[in-house]
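The structure appears below as structure tokens.
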Amino acid sequence: MTKPDQRDIAGELRGANEELEAAKLLLKNHLFAQAVSSAYYAVYHAARAALWSREKNAKTHRGIAQLFGEEFIRTGELEALYANILTGHRERREMADYDPVDFQISSVRAESVVTEAQQFVEKIKDLLGKV
């Protein structure tokens, strides 16, 4: 793995912002499963930015969640809520993307997922001092 620099962190935060905006647009257009998927990717990119700030990375989505827990939750730097958002959103995204026939989500729950993603992204920006 190459050593990350500020461009890597900024790129991940840009990706988080773009996915979050996409999730909001998808939600507004009643595309709830797609909004859930984009909300997860907003969280994923924010988590990667946080890990890059510690010169950490993982090759898998589960690996990102595991490292995020080790670096930020177990240390007490962030509340367990943020690990739960990362893991829960990943699971919903997998269902939305890979089992669209059986995946059902209400507009209220989809809105909650997008709101949680926004909360996660904002928390990571605060943590990194990049508001």
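The values are calculated or read from the model by the stated rules, or taken from the named source; none is laboratory data. Keep in mind the model is a prediction, meaning the values are calculated, not measured. Cβ coordinates were reconstructed from backbone atoms using ideal geometry, including for glycine residues, and neighbour counts include every protein chain displayed.
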- Task: State whether the residues of region 58-70 include one that is aromatic (Phe, Trp, Tyr) and either touching a helix residue (DSSP H, G or I) at 6+ places or on another chain (Cβ under 9 Å) or in contact (Cβ under 8 Å) with a residue 24 or more places away in the chain (or both).
- Result: yes
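Within region 20-34, restricting attention to residues that are free of Cβ contacts under 8 Å to residues at least 60 places away in the same chain and part of a helix (DSSP H, G or I), which residue is surrounded by the most Cβ atoms within 10 Å (Cβ to Cβ)?
Narrowing region 20-34 to residues free of Cβ contacts under 8 Å to residues at least 60 places away in the same chain: 21-22, 25-26, 28-29, 31.
Retained after the next criterion (residues that are part of a helix (DSSP H, G or I)): 21-22, 25-26, 28.
Values: GLU21: 12, ALA22: 18, LEU25: 13, LEU26: 20, LYS28: 11.
Per the criteria, the residue is LEU26.
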- Note on the structure: Inside region 94-131, the number of residues satisfying the requirement of being surrounded by fewer than 17 Cβ atoms within 10 Å (Cβ to Cβ), outside any loop (DSSP other than H, G, I, E, B) and among the small types (Gly, Ala, Ser) is 2
- Query: Take the residues of region 35-92 that are basic (Lys, Arg) and part of a loop (DSSP other than H, G, I, E, B): which is modelled with the highest pLDDT?
  - Reply: ARG74
- Query: Which members of region 8-28 meet the condition of being of a type outside the set (A, V, I, L, M) and either more than 11 Å from ALA39 (Cα to Cα) or within 12 Å of the chain's Cα centre (by Cα) (or both)?
  - Reply: ASP8, GLY11, GLU12, ARG14, GLY15, ASN17, GLU18, GLU19, LYS28
